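> Here it is, the structure in full.
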Amino acid sequence: MMTPTDQIIRGRILSFRHRPEGPEDTGAYTYLEDGALALAGGHISACGTWDEVRAGAPAAPVTDHRPHLILPGFVDTHIHFPQIEMIASWGAQLLDWLNSYTFPAELRYDDSEHAAAMARAFHDLLLSHGTTTAVAFCSVHPGSAEAYFAEAARRNMRMLGGKVMMDRNAPEGLTDTAQRGYDESRALIERWHGTGRVGYAISPRFALTSTPAQLEAAGALAAEFPDCPIQTHLSENHGEIEATRALFPEAPDYLGVYERYGLVRENTLLGHAIHLEPREIGAMAERRAKPVFCPTSNLFLGSGLFDDAGLRGCGIVPGIATDVGAGTSYSMLATLAEAYKILQLRGQALHPLAAFDWITRGNAEVLGLSDRIGTLAPGSEADLVVLDSTATPAMALRVSRAETLAEELFALQILGDDRAVAEVYVAGAAQLDRAAAQGRDETRALQPA
Ligand code: GUN
Ligand code: ZN
């Protein structure tokens with residue numbers, strides 16, 4: 001028997017089927033001016049015009065978000081949970097920034113109570129920015145991952161993450177050992193991977209902070225748990241690349257270090273991937289690994305300009321992410337704005353349709369989750385973001401002159417941030433109720449007709 005409809009969400013519906021080839025590719029998406037979603041048991045049970053969806057569930061309660069847009073919740077494929085306290089730290093590039101600001105902040109996650117308080121703040125920040133799924137690095141302390149997963153589970157969010165494995169080149173108090181990193185990660189996988197909507201990502205931080213023995217242990221874990229994603233960092237900064245070559249002189253290049261230990265596969269997420277050798281690009285394509293573009297971070301740390309079109313031209317499918325705390329915003333909209341500017345410097349123009357596909361369906365595909373999240377297709381989990389493209393006076397003025405959906409989306413992409421997020425749903429449950437709090441009348445819970 002079909003699950004009965006719990007509620008109907010009405011508004012302007014936008015969902016992508018594949019990455020738009022260009023501005024004219026209307027077949028890539030569904031856009032319904034007066035659309036609606038029927039939600040049942042935390043899933044989307046129908047997506048169509050208001051008339052169609054209403055006819056299928058005439059008695060269900062309705063939340064009317066018109067004139068706002070309803071999209072799948074945003075997906076952030078690379079973020080650091082313990083860095084929420086040191087985002088916006090001045091004056092350094094990657095290695096100095098890690099030593100001066102990041103490692104001292106991560107040391108505090110030894111304290112489980114602190115980790116639990118910060119996990120609450122972290123999830124609040126994600127949701128208020130419209131992000132319903134993220135893949136996060138926790139600190140080296142298993143308690144930080146425990147706090148992170150417990151908070152995600154409490155909110156019924158589809159979240160991925162893992163404790164970082166690091167056994168050298170970090171302060172005492174931020175290192176495990178090859179064996180401890182393996183044991184603690186394994187225990188967390190057994191406890192959390194596939195518990196509710198939570199998934200575990202095996203997380204050797206990067207080549208510089210792991211001994212060969214630890215990378216070998218991470219590889220063993222990866223072989224035992226093939227459906228756990230692997231997340232790490234690759235070729236973000238020239239100093240980092242030189243230091244990696246010095247530590248692993250036998251490897252052909254940086255990616256070769258990870259390949260050597262069985263850490264490069266289809267569900268491997270490689271943060272940054274900016275300064276790549278041709279061999280690395282070929283190997284990444286062959287193994288279907290996923291580079292992750294972190295635009296605000298790459299600008300903030302002066303790391304370099306990601307080559308999106310170049311990688312896609314080789315058949316590689318990149319993700320896009322905030323990389324907070326080197327990233328400077330939790331907003332995937334602000335992330336798209338900086339992505340646009342970086343790609344302009346590369347002579348590549350990121351079209352708004354492709355941009356909104358990227359932060360929803362595209363990132364879900366990168367995580368192998370596009371059958372569950374990232375689109376509004378019936379059967380998907382009901383993680384939604386409701387966007388107000390007139391949220392600020394500057395946006396309202398610009399959007400009043402917009403003649404097409406793409407123009408409106410581009411205003412959101414360039415001018416938008418958390419102020420444009422009118423509501424967020426996690427598995428069908430509204431999280432912000434901002435419109436109600438502000439007494440606006442365009443969002444109202446209607447009684448059954
Ligand atoms: N490389 C290794 N660790 C990190 C980190 O925390 N942030 C960034 N941006 N790069 C890294
Ligand atoms: Zn990172």
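Nothing in this text is a laboratory measurement; each read-out follows from the coordinates by a stated rule. The shown structure was predicted, so the numbers you read here are calculated from the model rather than taken from an experiment. So basically every Cβ, Gly included, is an ideal-geometry build from the backbone, and we count neighbours across all protein chains shown.
> What three numbers, in Å, describe the spread of the alpha carbons of segment 48-205 along their principal axes, ordered from the longest?
63, 39, 24
> Follow-up. Once you charge only the Cβ atoms, +1 for Lys and Arg and -1 for Asp and Glu, what is the size of the charge dipole of segment 74-367 about its Cα centre, to the nearest 20 debye?
Details: 23 positive and 35 negative charges, 140 e Å.
Using Cβ point charges on Lys, Arg, Asp and Glu, segment 74-367 gives about 680 debye.
> In terms of the Cα gyration tensor, with a ≥ b ≥ c the square roots of its eigenvalues, is the chain rounded because a/c is under 1.5, prolate because a/b exceeds b/c, or oblate? All intermediate terms of the calculation are to be shown ahead of the outcome.
Numbers: a/c = 1.84, a/b = 1.55, b/c = 1.19.
Verdict is prolate for the chain.
> In addition: For segment 246-292, what are Rg and Dmax over the alpha carbons, in angstrom?
10.0, 28
> For the chain, give me the percentage of DSSP beta bridges that are antiparallel, rounded to the nearest 5 percent. Before the final figure, lay out the partial values.
Working: 29 of 58 bridges.
Of the beta bridges lying entirely in the chain, close to 50 percent run antiparallel.
> In cubic angstrom, how much convex hull volume per residue do the alpha carbon atoms of segment 21-97 span?
Normalising the Cα hull of segment 21-97 by residue number yields 220 Å³.
> Using only C-alpha positions, report the orientation-averaged shadow area of the convex hull of segment 209-301, nm², one decimal.
Working: hull surface 23.4 nm².
Quarter of the Cα hull surface area: 5.8 nm².
> Give me the Å³ per residue figure for the convex hull around the C-alpha atoms of segment 305-417. Can you show the working numbers first?
Details: hull volume 14.3 nm³, N = 113.
Taking only Cα atoms, segment 305-417 has a hull volume of 127 Å³ per residue.
> OK, next. Starting from one equal scatterer on each C-alpha and no solvent at all, send me the Debye-based log10 I(q)/I(0) for segment 253-341 at q = 0.15, 0.22, 0.23, 0.26 Å⁻¹, two decimals.
So the normalised log intensities are -0.54, -1.05, -1.11, -1.28.
> Amide H neighbours of residue 199 under 5 Å, counting only residues 5+ apart in sequence or on other chains, H built in-plane at 1.01 Å?
Sorted by chain and number, the residues that satisfy this are 159, 160, 161, 194.
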